[in-house]
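The values are calculated or read from the model by the stated rules, or taken from the named source; none is laboratory data. From a predicted model like this one, the values you see are computed outputs, not experimental measurements. Note that each Cβ is placed from the backbone with ideal geometry, even for glycine, and that neighbours are counted across all protein chains shown.
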Amino acid sequence: MSVAISHTAEVQKFFEMASGFDQSGGDTRVKTITHRVLTDIIKIIEELNISTEEFWAAVNYLNVLGSRHEAGLVVAGLGLEHYLDLRLDAEDARNGAVGGTPRTIEGPLYVAGAPLNEGFAKLDDGVDKGVRLTMAGVVRDTDGAPIPGALVDVWHANTGGTYSYFDSSQSEYNLRRRIVTDADGRYRFDSIVPSGYGCPPDGPTQQWLDQLGRHGQRPAHIHFFISAPAHRHLTTQINLSGEKYLYDDFAYATRDGLVADIVFADAPEMPGGKVASINFDFALQPARNEKSEGRRSRVRALES
């Protein structure tokens, strides 16, 4: 039987001290959050009768998670990153901010500083002999007017399901570019059809998912940051139609309005005997304030 002592004055006082409430220095909000985390943890220990062995197994799990740099995968796989989007959606609804392309998760694999191009970019370095892909569209406002000079920041995986920078075998900024829309709000890029992929099978994220009876697979997708002056920054991604895990994404990123039809055509002279195309327009909401024009702050590779 679990022994409950968290409610006692002695234990409550102890965790107030551990949270720094008796110290004049430090940050008040950090103290408050720390205290909440500690008191919630001890309630979990008591209510679920967590054993000493389970506690230290969890501590070791956190060590492994950090050493494998998979915290970003775990928060996606447990639905926490999607929850943040749902929370922002609810805030939009309260404020009457409706319309535009839906947001969805960023994921942990963005790299800042990709080469900048006007109107058109070739994303790949030509090494990966995947099926050639052309994607094009228009960035518009919620009234349907095109937005010239919008910035389309795009990145995606190769046919092996890995990303440049994080995969040292790929060239610098492979499959990553920034494209400024033309006078008609149009963008276009040539690339290869990306592959879906899964969590590292020997990693701590998949270990946790295994314990939940869940897979760790994602459908093929393409990430975007899209921004323009006086418009709200959009973090989104499109999932490609026809994918096995299209509506069973372990990261919960598939949303209505973000499934892109990919059209294949025979091309015997090309790798894979096919070429592919996607047409997809984006719509940006007006910015509520200057801060909303930029992406939300978080640690990203090569972003100062």
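Odds and ends about this structure:
- Listed by position, the strands (runs of 3 or more DSSP E) contained in region 191-300 that have at least 1 residues being within 14 Å of the chain's Cα centre (by Cα) and touching a residue at least 12 places away in the same chain (Cβ under 8 Å) are 221-227, 234-240.
- Reported count of residues in region 113-135, each being within 24 Å of the chain's Cα centre (by Cα), under 19 Å from Phe280 (Cβ atoms), not in a loop (DSSP other than H, G, I, E, B) and not polar (S, T, N, Q), is 4.
For every residue, the table says whether it meets (1) crowded, with 21+ Cβ neighbours inside 10 Å; (2) farther than 16 Å from Trp155 by Cβ.
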position	(1), (2)
Arg232	yes, yes
Gln237	yes, no
Ser241	no, yes
Val259	no, yes
Ala267	no, yes
Lys274	no, yes
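- Residues satisfying the stated conditions in region 199-228, i.e. charged (D, E, K, R) and surrounded by 21 or more Cβ atoms within 10 Å (Cβ to Cβ): Arg218
- Any pair with Cβ under 7 angstrom, 6 or more apart, that starts in region 144-168 at a residue that is in the same structural domain as Asn239 (by TED's automatic domain parsing) and ends at one that is surrounded by fewer than 16 Cβ atoms within 10 Å (Cβ to Cβ) and of a type in the set (A, V, I, L, M): Pro148/Ala183; Tyr165/Ala301
- Every residue from region 4-60 that is hydrophobic (A, V, I, L, M, F, W, C), farther than 30 Å from Gln207 by Cα and touching a residue at least 24 places away in the same chain (Cβ under 8 Å): Ala4, Ile5, Val11, Phe15
- In this structure, Asn239 qualifies as of a type outside the set (A, V, I, L, M) and touching a His at 6+ places or on another chain (Cβ under 6 Å).
- Qualifying residue in region 47-57 (condition: surrounded by 15 or more Cβ atoms within 10 Å (Cβ to Cβ), outside the structural domain of Pro204 (by TED's automatic domain parsing) and in a helix (DSSP H, G or I)): no
- Test: residue in region 20-40 that is assigned to a helix (DSSP H, G or I) and of a type in the set (Phe, Trp, Tyr): no
- Criterion (free of Cβ contacts under 8 Å to residues at least 24 places away in the same chain and farther than 29 Å from Thr205 by Cβ) met by exactly one of Gly66, Gly96, Gly119: Gly96
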